[in-house]
Amino acid sequence: MPDTSENATSFEVLEAEIAAAYGSLSPRLRQIASFALANPTELALETVATIAARAGVQPSALIRFSKAFGFDGFSEMQRVFRTRLASRAPSYQERLRQGGLEGARKTAAIDSIPDILTHFVDAGLHALDHLRDTVDADRFSQAAERLAASEIIHVCGHRRSYPVAAYLSYAFGHLGLRVHHIDGLGGMGRIQASGMRPGDTLIAVSFAPYAPETLDIVRHAQEVGAGIVAVTDTALSPIAQDASETFLVEDAEVQTFRSLTATMCLAISLVVAVGHILTHRQAAPAETPRSP
């Protein structure tokens, strides 16, 4: 059980405490932790009974979970999640009021073929709003600076994440950077990553259920001391635990089909940010040597 003498006062602090204590929690409390960090909006808006049913636990387990992190009860912990939601941009809160909780996460049933595009566009807008409201500006800048200063940028993403990794490799290459796409073709992922060194940075992209090929490359990056920029879904993601910078992306979903709208937006933004840094470095005047 976590050693928590005081309750967290912000979602970011609580998220970090849950992630740090996750391995020491009981299986039931780990189940709640995973659900809470993957569905923070539901934790903010729904009743104890509804949350418990969706998480697959008894309501009493939610109370035990809250007390494990220093809260007197579930209602006190729920205020942290509500404060997080209240701090969002007005546009996102307006979408919640208009469409309800399910409307912010998944679109309604598809009634006709033309509806498909509309639903994906609407879901993508929700995902982009969420991305804008949750990405920390300082963390974004730090990641861009890290990538711009890297000797080699290694990129890894498999299965659904593969298109993101492929784009990042292509775009960073066009900036004139040394970039290495670890695609694992023929099961050669570890061999492809064997040249990774301190001073390099790995961008790892993975979402539940987390491709084991990506997890293996992340472990290798940790072993050799390379920087890691993780793009994933929750703070409990195995690629987030030891990353230098982590970006949590909640992407659009329509009837179990998940798009990459927000993830690709983040990827493009990182590329442009790195390009901006490099351009300013090249434009900076060189220091004039001092006369003896």
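The values are calculated or read from the model by the stated rules, or taken from the named source; none is laboratory data. Predicted model, so just to flag it, every value in this text is computed and none were measured. Please note: Cβ atoms are built from the backbone with ideal geometry, for glycine as well, and neighbour counts cover all protein chains shown. Accessible surface areas use protein heavy atoms only, side chains included; no ligands, DNA or RNA. Shrake-Rupley method; radii C 1.70, N 1.55, O 1.52, S 1.80 Å.
Quick one: which strands (runs of 3 or more DSSP E) lie wholly within region 181-248 and hold at least 1 residues that are within 17 Å of Glu151 (Cα to Cα), modelled with pLDDT of 95 or more and aromatic (Phe, Trp, Tyr)?
It comes to none.
Pull up region 121-173, narrow it to residues that are open to solvent by less than 10 Å² (accessible area, probe 1.4 Å) and not hydrophobic (A, V, I, L, M, F, W, C), then point me to the one that is farthest from Ala262 (Cα to Cα).
His154
Could you look through region 155-177, keep only residues that are part of a loop (DSSP other than H, G, I, E, B) and of a type outside the set (A, V, I, L, M, F, W, C), and pick out the one that is modelled with the highest pLDDT? Reasoning before the result, please.
At the first step, the residues of region 155-177 found to be part of a loop (DSSP other than H, G, I, E, B) are 158, 175-177.
From what's left, of a type outside the set (A, V, I, L, M, F, W, C): 158, 176.
Numbers: His158: 95, Gly176: 92.
Here the residue is His158.
All but one of (1) at pLDDT 95 or above; (2) under 18 Å from Glu145 (Cα atoms); (3) not polar (S, T, N, Q) hold for Ala283; which doesn't?
Failing condition for Ala283: (1).
I need every pair where a residue in region 136-150 that is in contact (Cβ under 8 Å) with a residue 60 or more places away in the chain and closer than 19 Å to Val179 by Cβ has its Cβ under 9 Å from the Cβ of a residue that is open to solvent by less than 50 Å² (accessible area, probe 1.4 Å) and charged (D, E, K, R), sequence separation at least 6 or different chains.
Here the result reads Ala143/Glu245; Arg146/Glu245; Ser150/Asp200, each pair linking region 136-150 to a residue that is open to solvent by less than 50 Å² (accessible area, probe 1.4 Å) and charged (D, E, K, R).
Restrict the check to region 95-105 and report whether at least one residue is outside any helix (DSSP H, G or I), open to solvent by less than 70 Å² (accessible area, probe 1.4 Å) and either closer than 27 Å to Val121 by Cβ or at pLDDT 90 or above (or both). I'd like the intermediate steps shown before the answer.
Start the filter on region 95-105 by keeping residues that are outside any helix (DSSP H, G or I), which leaves none.
Scanning region 95-105 turns up no residue that is outside any helix (DSSP H, G or I), open to solvent by less than 70 Å² (accessible area, probe 1.4 Å) and either closer than 27 Å to Val121 by Cβ or at pLDDT 90 or above (or both).
If Thr50 meets every condition in (1) surrounded by fewer than 17 Cβ atoms within 10 Å (Cβ to Cβ); (2) hydroxyl-bearing (Ser, Thr, Tyr); (3) modelled with pLDDT under 90 apart from one, which number is that one?
Here Thr50 clears every test but (3).
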